[in-house]
Amino acid sequence: MIATSYIQGNLRSLDRAYQTARSQRFSFFFAKLAILELCGWIEVSMDDIILMHSSRKIVLPQNVTFVEREVVRRTYGFEYNRHFRGMLTRLLGVVECERIEKKISAQVMTKFVAQLDQLKIIRDQLAHTYIKGATVTIDAPSVTRNRFADLYAGLAEYDRFIRAL
């Protein structure tokens with residue numbers, strides 16, 4: 001099961017702080033933090049899906065260690081093909097990954113991958129700059145909160161189908 005209560009609470013708190021911020025500068029900080037929080041949650045959730053399946057299905061300790069060290073710890077990011085699908089294919093194999101992808105509805109998959117792609121662009125821009133002045137445009141935390149549903153739906157589908165293996 002993918003944990004959602006903390007991230008939803010954090011995003012709600014950041015949204016309230018954004019709405020009541022004393023200055024535009026503080027609003028930018030809350031908006032930036034909301035995006036970074038969501039991205040962190042995505043990465044942790046992807047890792048958890050892989051690690052939980054590993055702990056349920058893998059018996060040999062050296063293989064569990066391999067998944068932890070070589071698959072999960074060496075994956076930095078949340079892009080679908082490069083990071084998440086890469087971990088899935090290393091754990092499950094290409095054939096099983098393809099079977100799971102076919103089971104996920106096209107609508108859920110399209111929204112999931114699109115949100116990941118969009119967030120990757122936004123996150124990279126924010127992570128490689130700092131807020132200087134009022135010319136910065138950052139999605140409000142409410143926009144970030146709205147992304148959550150599509151992301152959760154995609155992760156939940158993967159989690160559900162992987163648990164069924």
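Readers should treat all values here as calculations from the given coordinates under stated rules, not as data from a laboratory. Remember, predicted model here, so these are calculated numbers, not experimental data. Cβ atoms come from the backbone with ideal geometry, glycine included; neighbour counts cover every protein chain shown.
Just how large is the dipole of the chain about the Cα centre, in debye to the nearest 20, putting +1 at every Lys and Arg Cβ and -1 at every Asp and Glu Cβ?
That gives the chain a dipole magnitude of about 220 debye.
At a threshold of 8 angstrom on Cα-Cα distance, excluding pairs fewer than six apart, so keeping six or more, what relative contact order does the chain reach in percent? This gives 36 percent for the chain. Angle of helix 94-103 to the longest C-alpha principal axis of the chain, folded into 0 to 90 degrees and rounded to 10: 60°. For region 76-159, chymotrypsin sites (Phe, Trp or Tyr not before Pro) meeting the loop criterion (DSSP other than H, G, I, E, B) and having at most 12 other Cβ atoms within 10 Å: Y76, Y130. Between region 50-119 and region 1-28, the alpha-carbon centres lie 28 Å apart. Just to be sure I understand, if you calculate mean projected area of the Cα convex hull in nm² for this structure, which of [x] 11.5; [y] 9.9; [z] 14.3 do you get? Among [x] 11.5; [y] 9.9; [z] 14.3, the one calculated here is [y]. Dividing the helix sum by the residues of the chain, where each DSSP H run of 4 or more adds -39500 (n - 2.57), gives a mean residue ellipticity at 222 nm of -24000 deg cm²/dmol. Taking trypsin sites (Lys or Arg not before Pro) across region 1-43, the ones in a DSSP loop with at most 14 further Cβ atoms lying within 10 angstrom of their Cβ are R22.
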